[in-house]
1. When you check A:Val17 against the structure, is it among the β-branched types (Val, Ile, Thr), in a strand (DSSP E or B) and surrounded by fewer than 17 Cβ atoms within 10 Å (Cβ to Cβ), yes or no?
2. Only one of (1) touching a residue at least 12 places away in the same chain (Cβ under 8 Å); (2) under 25 Å from B:Ala187 (Cα atoms) fails for B:Gln170. Which number is that?
3. Answer yes if at least one residue in the stretch B:194-202 is assigned to a helix (DSSP H, G or I), away from chain A (no Cβ under 14 Å) and surrounded by fewer than 18 Cβ atoms within 10 Å (Cβ to Cβ), and no otherwise.
4. Does A:Glu119 count as surrounded by fewer than 12 Cβ atoms within 10 Å (Cβ to Cβ), among the acidic types (Asp, Glu) and over 15 Å from B:Ala166 (Cα atoms)?
5. Looking only at the stretch B:24-54, count how many residues are surrounded by 15 or more Cβ atoms within 10 Å (Cβ to Cβ) and not polar (S, T, N, Q).
6. Restricting the first residue to the stretch B:94-111 and requiring it to be free of Cβ contacts under 8 Å to residues at least 24 places away in the same chain, which pairs with a second residue that is in a helix (DSSP H, G or I) meet a Cβ separation below 7 Å and a spacing of at least six or different chains?
7. Of all residues in the stretch A:103-138, how many are part of a helix (DSSP H, G or I) and of a type in the set (Gly, Ala, Ser)?
8. Does A:Arg129 satisfy the condition of being within 28 Å of B:Gly154 (Cβ to Cβ) and surrounded by fewer than 19 Cβ atoms within 10 Å (Cβ to Cβ)?
Amino acid sequence: MSRVEIRDVSKRYGSVVALNQVSLSLADGEFFGLLGPSGSGKTTLLRSIAGFVEPEAGQILIDGADVSRISTHRRDLGMVFQHYALFPHMSVFDNVAFPLSVRHSGKAEIKKRVEEILELVQLGGYGQRRPRQLSGGQQQRVALARALVSNPRVLLLDEPLGALDKNLRQQMQVELRQIQREVGITTVFVTHDQEEALTLSDRIAIFREGVVVQAGKPGEVYERPRTAFAAAFLGATNFIPGRVADRRGSAGTVVLEDGQTIHTLDPLPSEGMAVTVTVRPEKFSLHVGGRPTPDEDEAVNCLAAEIVQPIYMGASITYRVKAGEIELTLFHQNRESRIEPPGSRVWLSWAPKHSILLEAPGGDLL
Amino acid sequence: MTRRLGYAYLAALLVFIYLPIAVMMAMGFNESSNYQLPFRFSLIWFDQLSDNEILWRAGRNSVLLALANTVVATVIGTMAALALARYRLRSHAVLQLLLFPPMAVPWLILATSMLIFFYYAGIGRGLHAMLLAHVALSLPYVIIVVGARLYSFGPDLEEAAATMGATPVQTFFRVTLPVIAPGVAAAALFAFGISFDQFVTSYFLSPPGVTTLPVEIYASIRKGFTPEINAISTIIIIVSMVLLLLVSRFYRFGGTQ
């Protein structure tokens, strides 16, 4: 149970900047997801916390004490590796007992604790097996049990579910989160799977080229991305370019190239400036026939569009549409069991609070 | 048909390899001192061998030298292999590349250079010089064999051990060594074999009165060939065969099993 603080940590490999003055702060017991494409620095940060990588500058504090110059084995960590790194020459019991036995715990105590933790990960009775006799999911649990057995201060997870197939993965996500809550351990979790990060994390940080572009609760970062990169990395989104038409009042107006206008609640720069607004595909409502009547109390955004391509996905239908020159994607719940054919004239509507104004318009597209 | 041809070819190959050895071993058990036929079974040459002080002393030297070489070369070589496989060293590629030439340079040339160097360095000749030479000759083999094993798994296991609180020493003895043990055992057998079979360097570096088995056998042959040599060769062949079988059990040569 510990606080972890990353202060201005930098690391370079030759001319490549892996981490550029990264600062993050993790509360006690928090599950923190590091998310980003490969080479974005998330793994370097995790390995710096583990002590495999020595940062050039900055500090890593666990419970207020700087550990950045301390060797790994003195940091009091637990870590689950992508390929589990179970010791092939040891039984499951000996694997899980390893952290206790290197600390010279008593035999009886080791036995009690190992059995307890194997019970927690639902592997009671598997102690005498060899790692290679276990399935991928079971090996994953052994790795987790081994990482937790000595009650370390911080748990590090390096894409721990990456090697599992999809169904098992979802099941393990739930279990992992449950066990983490039960133990209450501060956890740093690296993944490139955005859905997994959203599902598991209390907070996430999105990395790009060694910099944290945005950090916050999954809901916040998903609903209110600040940059095009953050918006596009966390799920699908649409980018709508336009110019500020009217910034007075509670809802400003942006005019698109074809003359249609959209409303946003975000503060706008001065009139005439080019801006980019992003809207998630599931925020759109699709209307066939006439223009929908706006809600009484809320100025509803409404765009005329034409269906370019419907993609049937069972529970939902993804439509590629064109509003003027702008291509948009929208997810439509498949309630009516009806697919709008290409070429149909439709209306898209959404609430102004879902029109998110991005920083640095245009310049930050992936 | 092709199958039969294949078997015939294989049989011919084995005859080609083993016939001289078989003849030599058989003559060790033949009573005649100058290889006369018909073959009459006798252990007389083994009996005479047991009285041959010089050969026995040479044999003891060979075994002790080979054992010392095994220990020294395996320990140093394993440490070097670890350093090459696990640390980012400056000029890593150059170091690794420099391991191969000693295996390609003829032993005769290496032995000559060692003789000259040891002369100038004041090391001189004798068992200690032979040990140095044998260690130098076997190191590349040990490093490559142990290294191959180390590269077959990444640094994950060692990193994992470190996160669990194991000191580097604990990590080596409880994780790395058990995992690379088959490679280390195979390397040790290689080192033993290289030293035990070594003729050229030992011949150059043996002062009068101190010899190893191969050197002594060579000397005996020059003096006058007796089937005693066949007898001792038979013993060496059997020991080598057993060693080789052990190696192939520990270390799979490319194929499966």
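The values are calculated or read from the model by the stated rules, or taken from the named source; none is laboratory data. Predicted, not measured: the structure shown is a model, and the values here were computed from it. Here the Cβ is made from the backbone with ideal geometry for all residues, glycine too, and neighbour counts use every protein chain on show.
1. Yes, satisfied.
2. (1)
3. Just the residues of the stretch B:194-202 that are assigned to a helix (DSSP H, G or I), to begin with: B:194-197, B:200-202.
Restricting the remaining residues to those that are away from chain A (no Cβ under 14 Å) gives B:194-197, B:200-202.
From what's left, surrounded by fewer than 18 Cβ atoms within 10 Å (Cβ to Cβ): B:197.
Yes, the stretch B:194-202 contains a residue that is assigned to a helix (DSSP H, G or I), away from chain A (no Cβ under 14 Å) and surrounded by fewer than 18 Cβ atoms within 10 Å (Cβ to Cβ).
4. Numbers: surrounded by fewer than 12 Cβ atoms within 10 Å (Cβ to Cβ): no; among the acidic types (Asp, Glu): yes; over 15 Å from B:Ala166 (Cα atoms): yes.
Answer is no for this residue.
5. Of the residues in that region, 9 qualify.
6. Correct list of pairs: B:Leu95/B:Leu84; B:Gln96/B:Leu84.
7. Narrowing the stretch A:103-138 to residues part of a helix (DSSP H, G or I): A:107-120, A:131-133, A:136-138.
Going one step further and asking which of them are of a type in the set (Gly, Ala, Ser), we end up with A:108, A:136-137.
The total comes to 3.
8. Working: within 28 Å of B:Gly154 (Cβ to Cβ): yes; surrounded by fewer than 19 Cβ atoms within 10 Å (Cβ to Cβ): yes.
Criteria met by A:Arg129.
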